[in-house]
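Reviewing the structure listed below.
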Amino acid sequence: MSLNPQRQEATWKQTLPISDSLRDGSHNEDMNAVYRRRLMSTMAQRCSLWIAAIFCTILLGALVAAIAMMTFTKDSTTSTSTTTTTTQTQGNITNTTVTSSKIYYCGGISNFTRWNLYSSNGLYMNIDTTTCSFNSTPLYFTSMGGNDEQWFLAGYTAIYAATKVSFTIYMISSNQSNNVLMLSSSYADQWNVNWLGITY
């Protein structure tokens, strides 16, 4: 329940300090006018504080937003890099090299004519990566290309004897148990090896 105006003014009069001269009635100025001026002064001070607080909050928010934008712009600039792509063909090997500021990777296609007999039921291929000029032994990855029946093949994704200039893969076929027949199929179906090396 709100107070009536007279009681509210009386409350303000009790809370606001006044001098002894005013209590004694020695001052000729109207008491109500004094209280009203002090009340208005107090309200003006509080309003000024609120306005200053709101202004500081807005200024701080603008400063934080500006810093965030500067950080985002800096990160975007740092992550930008120049990429150079070079494709080389040497004999039956095609290499593609990509260089960026963070990683280096190079890949190629080793022709089906590079398959050799292994044991009695497999083939192997030594893949030369010299043209990539890796500074260290990369991570190698392989897949099998061809015109037919390469989905019967297995083992060619396993990397052996990896160095920065070469690696070796082996494969067997679930469709053919004789490696001579496999070698013949590698020519007929052109089982090329796609490979990629990555260094950081």
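For the reader, a short list of remarks on this structure follows.
- Gain upon complete extension [Thr113, Ala33; 0.36 nm per residue less C-alpha separation]: 17.8 nm
- Full extension of the chain between Asn147 and Val180 yields a length gain of 10.0 nm, computed as 0.36 nm times the residue separation minus the alpha carbon distance.
- In Å, descending, principal axis extents of the Cα set of segment 99-155: 44, 22, 18
- Calculated FRET efficiency for the pair Gln190/Ser120, C-beta based, R₀ 22 Å, to 0.05: 0.40
- Alpha-carbon Rg with Dmax, taken over segment 100-200, Å: 14.1, 47
- In this simple spin-label model, placing a label point 7 Å from the Cα along the Cα-to-Cβ direction at both Thr199 and Ala44 gives a separation of 7.8 nm.
Laboratory data are not the source of any read-out in this text; all were calculated from the coordinates shown. This one's a predicted model, so the numbers in the text were calculated from it and none came from an experiment. Using ideal geometry, Cβ is built from the backbone for each residue, glycine included, and neighbour counts are taken over all protein chains shown.
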